[in-house]
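**Q** The structure under discussion is supplied below as structure tokens; questions concerning it will follow.
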Amino acid sequence: MEYKSRISYLRDKISESNIDTLFISNKDNIRYYSGFTGTFAFLLISKEKSIIITDSRYTLRAEEESPDYEIYQLKSGDNWIENSTNITKTKIIGYEGDHVSVNLLNQLKKRAEKINEWKDFSEKITLGRIIKSEEEVRILQETINISDSAFNTVSKKINIGMTEKDVAWEMEKEMRELGAESPSFDTIVASGINGSKPHHSPTDKLINNNEAITIDMGAKYKGYCSDLTRTIFIGESDEKFKKIYTTVL
């Protein structure tokens with residue numbers, strides 16, 4: 001992946017915005033700008049330094065997944081925000097105002113007293129992700145193909161007497177077997193009257209003959225997500241259903 005160019009983009013924005021260092025805490029942005037897939041980390045990026053802050057559970061993973069970053073390993077009682085921002089010589093710091101809670105921000109300010117100003121940098125971080133590269137487009141297409149293929153395979157196996165939970169599990173299992181790291185969200189299978197609930201959670205309700213099933217599903221693959229919604233009919237659909245279905249399409 002193009003992590004060096006993504007870091008360069010952030011450094012350009014740092015220079016334009018008159019800040020010293022950027023603090024990233026959103027795990028999706030951490031993965032996008034570093035490749036790190038663990039569940040606990042922060043990034044500090046300055047004009048000269050790129051640092052990933054994590055604990056001993058993830059240091060080896062960080063070394064493997066984020067070779068463009070120095071590793072700062074957290075230790076018990078460590079004032080990591082002060083120590084790490086001292087490394088980057090930070091006086092003005094940018095952070096994700098749309099992600100950092102007021103409570104966390106107050107804690108960070110209290111523990112890093114040498115920092116004079118905290119600036120919301122959310123928009124510029126997000127803008128860096130809007131225009132997709134050829135590689136990203138290729139991965140997105142692969143992600144879509146996984147969910148498409150899973151739907152095409154499993155939809156042919158749906159039988160009367162299966163439960164909504166059964167169908168959801170088969171969809172998720174098929175996506176994983178095709179290479180997905182996980183579903184991109186909780187799979188929705190809404191049969192019969194449950195189709196009136198847009199975000200229905202699958203239940204033990206049995207699939208019956210002559211009823212519609214709405215399936216909303218997606219795959220997460222290499223950090224990118226697909227989202228696919230389809231409605232199928234078990235048995236013979238009547239003219240009223242066909243008219244409504246065609247109108248919605």
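**Q** Are there any pairs, at least 6 apart or on different chains, whose C-beta atoms fall under 6 Å, with the first in region 4-20 and at pLDDT 95 or above and the second assigned to a helix (DSSP H, G or I) and aromatic (Phe, Trp, Tyr), and if so, which?
**A** Pairs found: ARG6/TYR33.
**Q** Let me ask something else about it. Kindly indicate whether SER66 is surrounded by fewer than 22 Cβ atoms within 10 Å (Cβ to Cβ) and hydroxyl-bearing (Ser, Thr, Tyr).
**A** So SER66 does not fit the description; no.
**Q** Determine which member of the set ARG61, ARG31 is under 23 Å from LYS132 (Cα atoms) and surrounded by 14 or more Cβ atoms within 10 Å (Cβ to Cβ). I'd like the intermediate steps shown before the answer.
**A** Working: ARG61 fails: under 23 Å from LYS132 (Cα atoms).
When all the criteria are applied, what remains is ARG31.
**Q** What are the residues in region 117-153 that are of a type in the set (Ser, Thr, Tyr) and either closer than 23 Å to ARG230 by Cα or surrounded by fewer than 16 Cβ atoms within 10 Å (Cβ to Cβ) (or both), if any?
**A** Correct list: THR126, SER133, THR143, SER147, SER149, THR153.
**Q** If you go through region 88-124 one residue at a time, how many are outside any strand (DSSP E or B), of a type in the set (Val, Ile, Thr) and in contact with a strand residue (DSSP E or B) (Cβ under 7 Å, 6 or more places away or on another chain)?
**A** Of the residues in that region, 3 qualify.
**Q** Moving to a separate point now. Residues of region 192-206 being without any contact (Cβ under 8 Å) to a residue 40 or more places away in the chain, touching a strand residue (DSSP E or B) at 6+ places or on another chain (Cβ under 7 Å) and in a loop (DSSP other than H, G, I, E, B), which ones?
**A** Passing the criteria: LYS197, HIS199, HIS200, PRO202.
**Q** (1) in contact with a helix residue (DSSP H, G or I) (Cβ under 6 Å, 6 or more places away or on another chain); (2) within 22 Å of ARG111 (Cβ to Cβ); (3) assigned to a helix (DSSP H, G or I): which one isn't true of LYS13, the others all being true?
**A** (2)
Conditions tested, residue by residue: (1) closer than 21 Å to ASP98 by Cα; (2) out of contact with any Leu (no Cβ under 7 Å at 6 or more places or on another chain).
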site: LYS4; (1), (2): no, yes
site: LYS13; (1), (2): yes, yes
site: THR21; (1), (2): yes, no
site: ILE30; (1), (2): yes, no
site: SER56; (1), (2): no, yes
site: THR59; (1), (2): no, yes
site: ILE71; (1), (2): no, yes
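**Q** Can you tell me which of ILE234, ILE215, ILE188 is more than 22 Å from the chain's Cα centre (by Cα) and either among the aliphatic types (A, V, I, L, M) or at pLDDT below 95 (or both)?
**A** That would be ILE234, the only listed residue that is more than 22 Å from the chain's Cα centre (by Cα) and either among the aliphatic types (A, V, I, L, M) or at pLDDT below 95 (or both).
The values are calculated or read from the model by the stated rules, or taken from the named source; none is laboratory data. Quick caveat, the model's predicted, so the values are computed rather than measured. FYI the Cβ positions are ideal-geometry reconstructions off the backbone, even for glycines, and counts take in every protein chain you see.
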